[in-house]
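A short reminder: the numbers here are calculations on the coordinates, not readings from a lab. Treat the numbers as computed from the prediction; the structure is a model and nothing was measured. Because the Cβ atoms are built from the backbone with ideal geometry, glycine has one as well, and the counts that use them run over all protein chains shown.
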Amino acid sequence: MPISFILPKEHFPNQFWIEALEKNQIIPLEEKGKGATAQCWIYQTWALLIQEKIPCSLLGSLPHEGGIIIAMSSSFPSIVSCFKEEFKKNGKKWISHNYFLVDIVADGLPHPAAHLHLVQNRAHARQLPRSLFMPHWTQPHLIPRDPARGSLFEKISFFGDSSNLAPELRSAAWQEQLHRELGILLEIREARRWHDYSDVDGVIAIRDFSGSRHLHKPATKLYNAWLAGVPFIGGIDSAYAADGHPGEDYLVGTSAEKVFQYLKKLKEDPVMRWKLVQKGSESVVSYTREATLDRWKKLVQTTLPAEALKWKQRSSLEHSCLHLMQHFSCYFDRVTR
């Protein structure tokens, strides 16, 4: 079955992108800063697969000939609308046997019309039926920590929107204490420099101290810190625990005070920092851009065709039962967030 990535034209940044797509041209993504979710997951993946000579298409809407369709879950309402229109006009089945639908959940909600879900958190994949784990791409063109900084431990950074850092760590009082007692500056790095770790000695990435496992969030900040060669302090996020080894390749901060104590230890113990970085360099091998591309190649060349064939061979009764199960599992996923 042909494989198509769906990126509705409203997700394209400008008309130039649309014209390039019509000419089968690939536009290099911005190397620095923050990319839109759909562009990172759909456009970037399609472009990298095309460069590897893997046959697949990038379309703005559902192809009439069917095939394996990969789209963001946010695009599924419009996809379902297309099927409904076909049903009204031609009396066809609502979900045609000619299509196998795969939704990339990312930060969205899994759609019950999808036959398979791709999720960015390994722990989430264990909870959501008919889902597969696919790690988020690491930051392109990442600049690692400058070796010339040696044993310095003076700047720690948060790579993300400030609203996604725990309020306790954003407070002026906590940051002033950190600088006064430990000589450490906490920086919330601006998006245009999310690729640059050259002057960073450590990374903090804690959303909150609520105890939430954040099942729908990826471990990308951890992967990037590993690649950059800097120690990482995260929260109790399930993605970090699923892909990392707490106490070995990253540290878990459960309170502002705990984070402060960890930073004090890291400041005073270069050997501890070195061990975390070394272990991280081993762990990240499975999550580099090359490793993630290999996952995608296996997915589109082997896994999805096999799953689509199994779907086509099922009876109408089995299809109905699976759709019912999908509705229940997607509803459960929504209410347990």
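Note on the stretch 176-225: Kirkwood hydrodynamic radius from all Cα pairs is 13.2 Å, rounded to one decimal.
Measuring r between the beta carbons of ASP269 and LYS298 and using R0 = 51 Å, the FRET efficiency lands at 0.80. Ordered from longest to shortest, the equivalent ellipsoid semi-axes for the stretch 147-287 are 19, 19, 15 Å, each the square root of 5 times a Cα gyration tensor eigenvalue. Which pairs, out of LYS53/LYS279; LYS53/LYS217; LYS221/LYS279, put more than 24 Å between their alpha-carbon atoms? Those over the limit are LYS53/LYS279; LYS53/LYS217.
Average projection, convex hull of the Cα set of the chain: 18.1 square nanometres. Taking the fewest neighbouring Cβ atoms within 10 Å as the starting point, the ordered list for LEU324, LEU227 is LEU324, LEU227. Here the sum of -39500 (n - 2.57) over DSSP H runs of 4 or more residues, divided by the residues of the chain, equals -12000 deg cm²/dmol at 222 nm, to the nearest 500. Comparing PHE158, PHE232, PHE209 in a Gaussian network model of the chain (Cα springs below 10 Å), the most mobile by mean-square fluctuation is PHE209. For the stretch 37-85, the percent of C-alpha pairs falling in each 10 Å distance bin, counted from 0 to the bin holding the largest distance, reads 21, 54, 22, 3. Rounded to the nearest 0.05, the FRET efficiency derived from the C-beta distance between SER81 and ARG334 at R0 = 25 Å is 0.80. Between ASN164 and SER286, residue separation times 0.36 nm minus the direct Cα-Cα distance comes to 41.3 nm. Legend: ranking of residues ILE26, ILE236 from fewest to most surrounding C-beta atoms inside 10 Å; resulting order ILE26, ILE236. Once the Cβ-Cβ distance of HIS327 and GLU176 is raised to the sixth power relative to R0 = 41 Å, the FRET efficiency obtained is 0.20.
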